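Working notes for the structure below.
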Amino acid sequence: MGIRSLAPFVRSYRRYGPDRLPGADRREVGAGYAATLAALGASVLFVAATVGATRLGFDSGFLAAATLLALPAVLPTAFLAGAATWRWLPASVPQFGAVAGVVAATLAYLLAGAAFAAVFTVAETGRTLGTTGDLVAGGVLDAFGFGALVAVTAVLASAWLVVPVAALAGHVHERSRRDHTVAG
């Protein structure tokens, strides 16, 4: 896909994208919004793909449901990952927008995985309160391991879609900012 062919994406992003949200004029906040929008878009595409695969006879309906249930954790972590990446990744990196999009997606996977592991660990700790220390420690390790397994499964199931969407979103966001700065 050539650079010119992205012009409609950039125009649409500038017109309908997150630039109108509070604080979006700040580089990091705008990137956080862009990462959140990319995560939501990738999630919708992933759910559509898994529902389509289910209709073709594959048993993938669980992945669609799990994706929808994960959105309350995924969207805030995508915002944090996007903002952090745009803040700390050097702007001198070639193809900054695309690279930053992929780095932000990777960081979002890590943050969401840690959030799931923490939730499962806290739930297990509360469930085993009042039992012996060995049971608590074993249960907590099992819960943390399950959270990590959920995160790894999410990466393996969706990275084929998330990585290109993140790269495209990062590139479009950065190009929109650059073009807006040059024009304005």
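The values are calculated or read from the model by the stated rules, or taken from the named source; none is laboratory data. The shown structure was predicted, so the numbers you read here are calculated from the model rather than taken from an experiment. Glycine gets a Cβ as well: all are built from the backbone with ideal geometry, and neighbour counts include every protein chain shown.
Run ALA91 past the list (1) of a type in the set (Gly, Ala, Ser); (2) within 18 Å of LEU40 (Cβ to Cβ); (3) surrounded by fewer than 22 Cβ atoms within 10 Å (Cβ to Cβ) and report the number of the one that doesn't hold.
Exception for ALA91: condition (2).
Just need a number here: residues in segment 6-20 that are exposed (fewer than 14 other Cβ atoms within 10 Å of the Cβ) and either under 10 Å from HIS173 (Cβ atoms) or touching a residue at least 12 places away in the same chain (Cβ under 8 Å) (or both).
Residues in segment 6-20 being exposed (fewer than 14 other Cβ atoms within 10 Å of the Cβ) and either under 10 Å from HIS173 (Cβ atoms) or touching a residue at least 12 places away in the same chain (Cβ under 8 Å) (or both): 0 in total.
Might you let me know whether segment 98-107 holds any residue that is in a helix (DSSP H, G or I) and over 13 Å from the mean Cα position of the chain (by Cα)? I'd like the intermediate steps shown before the answer.
In the first step, residues of segment 98-107 are kept if they are in a helix (DSSP H, G or I); the result is 98-107.
When the remaining residues are screened for being over 13 Å from the mean Cα position of the chain (by Cα), the result is 98-99.
Scanning segment 98-107 turns up at least one residue that is in a helix (DSSP H, G or I) and over 13 Å from the mean Cα position of the chain (by Cα).
Tally time: how many residues in segment 26-44 are out of contact with any Gly (no Cβ under 9 Å at 6 or more places or on another chain) and of a type in the set (Val, Ile, Thr)?
Within segment 26-44, residues that are out of contact with any Gly (no Cβ under 9 Å at 6 or more places or on another chain) and of a type in the set (Val, Ile, Thr) number 1.
Identify, please: which residue in segment 32-59 is surrounded by fewer than 18 Cβ atoms within 10 Å (Cβ to Cβ) and of a type outside the set (A, V, I, L, M) and is, among those, nearest to VAL150 (Cα to Cα)?
Per the criteria, the residue is ASP59.
Do we have any residue at all in segment 26-43 that's more than 20 Å from the chain's Cα centre (by Cα) and hydroxyl-bearing (Ser, Thr, Tyr)?
No, there is no match, as no residue in segment 26-43 is more than 20 Å from the chain's Cα centre (by Cα) and hydroxyl-bearing (Ser, Thr, Tyr).
Take segment 155-181 and flag every residue that is at pLDDT below 95, aliphatic (A, V, I, L, M) and under 13 Å from ALA104 (Cα atoms).
Selection gives LEU168, ALA169.
What is the number of the single condition among (1) more than 17 Å from ALA157 (Cα to Cα); (2) without any contact (Cβ under 8 Å) to a residue 60 or more places away in the chain that LEU68 does not meet?
(1)
Report yes if GLY113 is modelled with pLDDT under 95, buried (at least 20 other Cβ atoms within 10 Å of the Cβ) and under 23 Å from ALA49 (Cα atoms), otherwise no. Reasoning before the result, please.
On the way: modelled with pLDDT under 95: yes; buried (at least 20 other Cβ atoms within 10 Å of the Cβ): yes; under 23 Å from ALA49 (Cα atoms): yes.
Judged against the criteria, GLY113 is a match.
Can you find a residue in segment 62-75 that is of a type in the set (S, T, N, Q) and either crowded, with 23+ Cβ neighbours inside 10 Å or not in a helix (DSSP H, G or I) (or both)?
Going residue by residue through segment 62-75, those that are of a type in the set (S, T, N, Q) are 67.
Add one more test, that the residue is either crowded, with 23+ Cβ neighbours inside 10 Å or not in a helix (DSSP H, G or I) (or both), and what stays is none.
No, segment 62-75 has no match at all.
What do you reckon, is GLY101 under 22 Å from ALA151 (Cβ atoms), surrounded by 13 or more Cβ atoms within 10 Å (Cβ to Cβ) and modelled with pLDDT of 95 or more? Reasoning before the result, please.
Numbers: under 22 Å from ALA151 (Cβ atoms): yes; surrounded by 13 or more Cβ atoms within 10 Å (Cβ to Cβ): yes; modelled with pLDDT of 95 or more: yes.
Here the answer is yes, as GLY101 does meet what is asked.
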